[in-house]
1. Criterion first (modelled with pLDDT of 90 or more and surrounded by 10 or more Cβ atoms within 10 Å (Cβ to Cβ)) does residue 29 satisfy it?
2. Find all pairs meeting these conditions: Cβ atoms under 8 angstrom apart; at least six residues apart or on different chains; first residue within the stretch 35-55 and outside any loop (DSSP other than H, G, I, E, B); second residue small (Gly, Ala, Ser).
3. Taking interchain pairs and intrachain pairs at least six residues apart, which have beta carbon atoms under 9 angstrom, with the first residue in the stretch 1-28 and touching a residue at least 40 places away in the same chain (Cβ under 8 Å) and the second part of a helix (DSSP H, G or I)?
4. I'd like to verify a number: residues in the stretch 2-17 that are out of contact with any helix residue (DSSP H, G or I) (no Cβ under 7 Å at 6 or more places or on another chain) and either closer than 21 Å to residue 55 by Cβ or surrounded by 10 or more Cβ atoms within 10 Å (Cβ to Cβ) (or both), how many?
5. Could you check the stretch 1-34 and list, in sequence order, the residues that are among the acidic types (Asp, Glu) and either on the phi > 0 side of the Ramachandran plot or outside any helix (DSSP H, G or I) (or both)?
Amino acid sequence: MSKEAWADWLKHQTMLINEYRLSPIDPKSRSFLEKQMEAYFFGEGAQAPEGYVPPEQ
C-alpha cells in the first residue's frame, strides 16, 4: 500500500468519524471503521455518508 493511498484513507476515516460521530475507542465504532477500510482498499470502494457535503476549498 502506498503512502498516498494510506493518507487518502486517513482523510476518509476522519470524515467518517466526524460525520457519524464515532469514537475510536468504542468497539462498535472500531468494527465499523475496519469494515469501511476493507471496502475502501479491497472492496467496492469508499462512499460518503448520505447527505455529506464536502467542505469548500
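1. Yes.
2. 36/46; 39/45; 39/46; 40/46; 41/5
3. 1/9; 1/41
4. Total meeting the criteria: 10.
5. 26
The values are calculated or read from the model by the stated rules, or taken from the named source; none is laboratory data. These numbers were taken from a predicted model, which means no experiment stands behind them. Here the Cβ is made from the backbone with ideal geometry for all residues, glycine too, and neighbour counts use every protein chain on show.
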